[in-house]
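Have a look at the structure below before the remarks.
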């Protein structure tokens with residue numbers, strides 16, 4: 001990797017070395033760290049919109065709606081970026097509903113998913129007029145019907161069906177198998193649709209399917225869409241009408257050497273299958289999350305100390321100021337994420353574990369990484385735009401990181417760093433002893 005070369009890194013052309021310095025769009029990442037401090041999340045708006053454009057172009061000429069999966073990254077400026085680009089939103093809580101509305105979303109482009117919607121959440125979503133509820137159990141159907149009748153609204157619903165398709169991904173992010181908590185079993189779907197049609201306050205409008213996340217093969221999607229279309233035909237044979245097909249999200253990204261299909265290839269294959277079976281007239285919905293934001297983001301951290309093997313029982317450690325509370329994916333999933341220096345050094349690299357200051361042995365960002373760094377240098381964790389800040393916590397009373405968004409050489413601070421006072425603002429001491 002030459003110090004003067006323009007060297008793109010895996011995942012996004014917006015992340016590259018220029019003259020030995022890591023750049024995000026037109027911004028020097030080490031300069032961002034110096035300006036805003038660390039840990040720091042930095043996102044490329046250019047990369048987000050390019051990823052979205054791939055979906056939009058693949059669906060051009062079709063009746064469709066792309067609903068960004070808010071759980072991947074719920075920062076207001078990210079939501080605003082997608083709202084301005086015409087996206088709808090896939091939400092799973094009333095908090096996410098409040099977020100998308102604050103970011104300028106149209107309620108008529110919001111779908112409400114999730115297995116545990118409360119009655120209060122149902123009332124709120126009905127009041128603002130969300131497009132559709134993706135219902136995941138018969139008990140939820142009954143509750144939603146009752147809430148809709150009581151509030152004088154009609155709840156438009158689709159059933160999330162579980163096609164029992166193995167997406168060949170991490171078990172924690174597989175959502176379409178029989179043993180998963182999500183959706184209604186394929187074999188029960190026709191009967192449950194009949195039950196939904198009989199309930200007051202409900203209008204059946206579609207069918208929904210989501211088989212998992214970080215999927216890197218088209219085949220599971222094709223298996224799932226075939227099973228969904230089988231159900232569409234069976235449901236409509238019984239007299240119901242399904243206006244839209246919601247095929248979920250889950251398309252993987254490149255963290256290291258994965259080679260997921262492009263959005264164009266995936267959607268092209270799905271459209272070919274849908275058209276061949278005579279369903280091309282239906283509205284199509286997709287719920288991408290990670291594939292829109294994952295490779296658009298970095299987590300930037302400062303090297304605090306180098307702990308050599310002779311001090312650590314034979315293992316080298318690079319101790320940084322970012323931790324598992326900032327980025328849960330390695331600790332939770334043992335996820336591999338690229339870690340690179342923000343300034344290249346000519347020194348020989350040393351193999352080390354990159355770890356944070358949280359008091360847990362599970363507090364690591366990367367294991368056995370070859371890095372040439374010194375204390376005071378900055379590292380960037382790549383592909384951190386999805387399930388980074390949205391899963392961050394305040395464990396060890398650590399404030400969540402600041403966030404910036406860049407576009408070309410423009411930079412916006414989109415979230416200020418939390419202070420300790422922010423963290424205990426809503427707590428109360430006991431009264432003074434009498």
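Just so you know, all these numbers are worked out from the coordinates, no wet-lab data involved. None of the values given here were measured: they were computed from a predicted structure. No Cβ is skipped: glycine too gets one built from the backbone with ideal geometry, and neighbour counts run over all protein chains shown.
Just a few scattered comments:
- Paramagnetic reach from residue 63 (point 7 Å along Cα→Cβ, amide N under 17 Å) across the range 214-257: 232-233, 236, 240-247
- Angle in degrees between helix 189-198 and the longest Cα principal axis of the chain, rounded to the nearest 10: 60 degrees
- The range 333-391 and the range 213-279 have Cα centres spaced 35 Å apart.
- Axis angle, to the nearest 10 degrees, between helix 45-58 and the longest C-alpha principal axis of the chain: 30 degrees.
- Chain lengthening between residue 256 and residue 367 when straightened (0.36 nm per residue, less Cα-Cα): 38.6 nm
- The mean sequence separation of alpha-carbon pairs under 8 Å and at least six residues apart, normalised by the residue count of the range 113-288, gives a relative contact order of 20 percent.
- Full-extension gain in nm, residue 418 to residue 217, via 0.36 nm per residue minus C-alpha separation: 68.4 nm
- On the beta carbon distance between residue 397 and residue 76, with R0 = 25 Å, the FRET formula returns roughly 0.55.
- Applying 1/(1 + (r/R0)^6) with R0 = 45 Å to the Cβ-Cβ distance of residue 281 and residue 333 gives a FRET efficiency near 0.70.
- Selected from 289, 399, 376 as most flexible by GNM, with the chain as the system and alpha-carbon contacts under 10 Å: 376
- Compared with the alpha-carbon gap, the fully stretched path from residue 120 to residue 139 is longer by 5.3 nm at 0.36 nm per residue.
- Relative to the longest principal axis of the Cα atoms of the chain, the long axis of helix 263-276 lies at roughly 20 degrees.
- Cβ-Cβ distance of residue 264 and residue 429, R₀ of 41 Å, FRET efficiency by 1/(1 + (r/R0)^6): the value works out to about 0.10.
- 27 Å tail of the calculated P(r), the range 113-288, as % of Cα pairs: 26 percent
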